[in-house]
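A.B. asks: Attaching a single structure in structure tokens format; questions to follow.
Read-outs: derived from the displayed coordinates by stated rules, not from any lab. Remember, predicted model here, so these are calculated numbers, not experimental data. Ideal geometry is used to build each Cβ from the backbone, glycine not excepted, and the neighbour counts take in all protein chains shown.
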Amino acid sequence: MSPKRFGGWEPVTVTEYEYDSEGRVLRSWSQPETEWDQTQQAWMEALGLYRAGLCPLHGGPIEECTSPEETGTQFEVTRSTCRAQLTLIEAQRAANDGKKPSPYAAARLWTLKTRG
Ligand SMILES: [Zn+2]
């Protein structure tokens with residue numbers, strides 16, 4: 001789906017007619033508007049170029065993370081915890097009552113939602 005269609009655009013089909021001297025239709029032809037016009041194609045090309053410049057490991061610009069360590073971009077790491085996933089893990093461990101997980105544990109369906 002093109003960006004413009006995603007934004008609500010719908011193609012308009014234009015039909016043209018050719019008439020004879022009596023006013024009868026000799027032929028007609030219909031042409032829907034092009035969804036993938038030059039602008040839409042340019043958007044996709046730009047997206048491809050942008051994605052090609054991203055590191056597949058950390059998702060940032062690949063020119064930064066592959067730059068020389070001495071002169072290039074410096075990085076620092078911070079750590080945080082996804083409390084939603086933590087709550088889920090705790091609930092799953094509690095369901096096992098401290099025992100090894102049941103062989104059926106992988107079949108359980110869990111739902112995670114916010115409270116309050
Ligand atoms: Zn990287």
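A.B. asks: Among the helices (runs of 4 or more DSSP H) confined wholly to the range 11-116, which include 1 or more residues that are aliphatic (A, V, I, L, M), over 30 Å from M1 (Cα atoms) and more than 28 Å from the chain's Cα centre (by Cα)?
C.D. replies: Hits in the range 11-116: 83-95.
A.B. asks: Could you please give the count of residues in the range 22-74 that are among the basic types (K, R) and away from the ligand (no atom under 16 Å from the Cβ)?
C.D. replies: Within the range 22-74, residues that are among the basic types (K, R) and away from the ligand (no atom under 16 Å from the Cβ) number 2.
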